[in-house]
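For reference, the structure is listed below as structure tokens.
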């Protein structure tokens, strides 16, 4: 797939980390709070006090809301329609980075990272269980149309795939830091972080230490789409 891109300045002191697109609007979170890009491609601060003392690194657009992690063990949802912020009770929401809502048949489930764990949180019961754990901290989560879960592991330099039955397998990356286009184990990443799916089902991933955006096809073939030359690259999002 081909993508258009350009630089847009975020006019305050925070380092932008999490990106999300909701209703074709771009949102960004940093140490200061949440900002929204207006029609003039200027970022306007929405809030700098609803995120608590420790705003998270990633945000996700879920059910017409922006989900984020704030303070210890809290996941919150910001509603742009009325400016309200609601709290999602999850006792396992510690050191959350990535979040994703389940696909078809799993719409009442929120998957999120918590330290070295992936938590499966049920909106109805307000209860979370540990789906699986890793030796290092996972960063981001994405879910495809077949309910496969993709998890980026920066310190393992790879992305894993979890099937709906819970089977964990390597998706891309050899586990050794480096740069190599290829398929599965025959490819290399260096600290993969934020991810998103494009409209064709390709997984875009921030290859942070290589300062690149990489594209992964559904069959696990990875290629380089954009060399950013940016030292602090955390997340990726697409606008139609």
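Annotations
- Qualifying position, being under 18 Å from the mean Cα position of the chain (by Cα), within 18 Å of residue 169 (Cβ to Cβ) and surrounded by 16 or more Cβ atoms within 10 Å (Cβ to Cβ), among 119, 141, 109: 141
- Scanning the range 161-176 for residues being at pLDDT 95 or above and either more than 25 Å from residue 235 (Cβ to Cβ) or buried (at least 17 other Cβ atoms within 10 Å of the Cβ) (or both) gives a total of 6.
- Subset of the range 11-58 (residues that are crowded, with 16+ Cβ neighbours inside 10 Å and either modelled with pLDDT under 75 or outside any strand (DSSP E or B) (or both)): 14, 16, 17, 30, 32, 33, 50, 51, 55, 56, 57, 58
- Residue in the range 198-212 that is at pLDDT 95 or above, more than 25 Å from residue 15 (Cβ to Cβ), under 19 Å from the mean Cα position of the chain (by Cα) and assigned to a strand (DSSP E or B) present: no
The values are calculated or read from the model by the stated rules, or taken from the named source; none is laboratory data. What you are looking at is a predicted structure, and each value in this text was computed from that prediction instead of being measured. Every residue, glycine as well, gets a Cβ built from its backbone with ideal geometry; the counts of neighbours run over all protein chains shown.
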